[in-house]
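One structure is given below, encoded as structure tokens.
The values are calculated or read from the model by the stated rules, or taken from the named source; none is laboratory data. Keep in mind the model is a prediction, meaning the values are calculated, not measured. For neighbour counting, all protein chains shown are included, and Cβ atoms are generated from backbone atoms with ideal geometry for every residue, glycine included.
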Amino acid sequence: MTAVIILSILLVLLLTSTPISIALGTTVLIYLLGFSSFSFDTVNIISQRLFTGLESFSIMAVPFFVLSGQFLIDGKIASRIVRFAYNLVGWMPGGMAMAAVLACAFFATISGSSPATVMAIGSVMLPAMVKAGYPKRFSVGVITSSGSLGILIPPSIVMIIYAVATSESAGKMFIAGIVPGILLAAIMMSLVFVQAKRKNFPTLPKPTGAEFWRSFRDAWGGIFLVVIVIGGIYGGIFTPTEAAAVAAVYAFIAAKFFYGDLKWKQVPKSLLSAANTSAMLLYIITNAILFSFLMTSEQIPQEMSQWVVAQHLQPWMFLFMVNLALLAAGQFMEPTSIVLILAPLFLPIAKTMGIDPIHLGIIMVINMEIGMIHPPVGLNLFVSSHLAKMGLTEVSIATLPWVGVMLIYLGLITYVPEISIWLPHLLYK
């Protein structure tokens, strides 16, 4: 009954268009004032939780990765990655669309954000694909959906949030996302290839060896960032949070001095934009941590875990229910809030059933990917709508076939856990 009351309050606030961050904090206040014994000690606890909720070393990675992504976008490194992707696969059937997927995968290794990936790659690729003769709706669908790779291929802000919410290793989450990310990019490119063969989409001329080498050399400065992040974490040189700080410094040096496209007068604007995004995320995080504290203090995760165990559900049935819940939540909430609220609820139950916490984390990330490309609050849809000058409904229709592909892929990852966990288990023996 306590869980029903708390979640009902939250749902009512969300239905009245209250911002999710404010809805989470307000739910805690309403419950404490109306349904529990209220005292000044409670006020002190709330105040302390609002501030101490962000006292986590892992959370510090969020603003650093946001800043590194902002420097890479403002430094026009995305256009160099696109040119390299062109030369790598552009000469194949459907090459430009395949290059869009590949460029999104490359940029995902240095951004950690799906909307940022769509904005950076879509602003370059979308006009070029339409000009080359690709159907606009097809082009929008490819870029919107492949931009979701931004939170699956490490580094990923959503993975960091999961690690914060569950006290799991962000490094393991990063490693676990490599194989699923590569697999999803390969599936998308394969489907584009088949579609291009059927509809005879245009291709680009095959590059010369000199052109290929030049594009690789230009893009290497950006792509090398993933070597620093993943290599440094796995090599034990630094933690994921320290890796984020190194990434921000490297991104600035690459954009300002290596490429020279980031001007000094642009730096304050880049810093302010990154600060705005980080503040928004951190405000959601601190309220979600307060909400999670309320749920834990009321013993809701423990009671839910006991109830599920008492139903004698099989692990596959539980994972099916998890996917349904996450897909439903993705209809009206953004990924950070969903992970912070639901991960602490699902994890204790998953552990009692022998489900690997890292596997559960990857399942949650893929559900968040689907939410990113599905109306009504899919962030990637809004970015693509702005870039393509198309209505949100038309963009949603363009992305719909890819939602179906992602649902099938979700089933594969859910019920073949080795895809997610074999690499972290191999590296973290």
**Report entry** Those residues of the range 376-394 which are under 20 Å from V158 (Cα atoms) and either among the aliphatic types (A, V, I, L, M) or assigned to a helix (DSSP H, G or I) (or both), in sequence order
**Finding:** V377, L379, N380, L381, F382, V383
**Report entry** Where a residue in the range 391-417 is closer than 26 Å to G354 by Cα and its partner, wherever it lies, is surrounded by 14 or more Cβ atoms within 10 Å (Cβ to Cβ) and of a type in the set (G, A, S), with Cβ under 8 Å and at least six apart
**Finding:** M406/S145; M406/S148; I413/S420
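Right, S148: crowded, with 16+ Cβ neighbours inside 10 Å, in contact with an Asp or Glu (Cβ under 9 Å, 6 or more places away or on another chain) and of a type in the set (G, A, S) or not?
On the way: crowded, with 16+ Cβ neighbours inside 10 Å: yes; in contact with an Asp or Glu (Cβ under 9 Å, 6 or more places away or on another chain): yes; of a type in the set (G, A, S): yes.
So S148 fits the description; yes.
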Report task. Answer yes if at least one residue in the range 267-280 is part of a helix (DSSP H, G or I), loosely packed, with under 13 Cβ neighbours inside 10 Å and in contact with a helix residue (DSSP H, G or I) (Cβ under 7 Å, 6 or more places away or on another chain), and no otherwise. Result -> no
Query raised in the report: Is one or more of the residues making up the range 27-42 at pLDDT below 80 and surrounded by 20 or more Cβ atoms within 10 Å (Cβ to Cβ)?
Result: no
Report summary line: Among (1) buried (at least 24 other Cβ atoms within 10 Å of the Cβ); (2) at pLDDT 85 or above, M92 falls short only on (1)
Report summary line: Given the conditions (1) among the small types (G, A, S); (2) over 18 Å from A78 (Cα atoms); (3) in contact with a Gly (Cβ under 8 Å, 6 or more places away or on another chain), every one holds for G94 apart from (3)
Query raised in the report: Looking at F138, F193, F174, which is the one that is aromatic (F, W, Y) and within 17 Å of A398 (Cα to Cα)?
Result: F138
**Report entry** Restricting the range 371-392 to residues that are more than 18 Å from the chain's Cα centre (by Cα) and aliphatic (A, V, I, L, M), the residue that is modelled with the lowest pLDDT
**Finding:** L392
Report summary line: Apart from one, (1) among the polar types (S, T, N, Q); (2) touching a Gly at 6+ places or on another chain (Cβ under 8 Å); (3) closer than 24 Å to T16 by Cβ all hold for N380; the odd one out is (3)
Requested in this report: Please enumerate the residues belonging to the range 127-136 that are under 19 Å from V403 (Cβ atoms) and surrounded by 15 or more Cβ atoms within 10 Å (Cβ to Cβ).
Outcome: K136
Report summary line: By residue number, the members of the range 393-416 that are farther than 18 Å from M368 by Cβ and at pLDDT 95 or above are Y415, V416
Report task. Looking at (1) modelled with pLDDT of 90 or more; (2) closer than 26 Å to V118 by Cβ; (3) in contact with a His (Cβ under 9 Å, 6 or more places away or on another chain); (4) not hydrophobic (A, V, I, L, M, F, W, C), find the lone condition where G361 falls short. Result -> (3)
Query - Selection from the range 395-427 of residues that are touching a His at 6+ places or on another chain (Cβ under 8 Å), over 16 Å from G330 (Cβ atoms), part of a helix (DSSP H, G or I) and not small (G, A, S) - result: I421
**Report entry** Subset tally (residues that are of a type outside the set (A, V, I, L, M) and without any contact (Cβ under 8 Å) to a residue 40 or more places away in the chain) for the range 269-298
**Finding:** 2
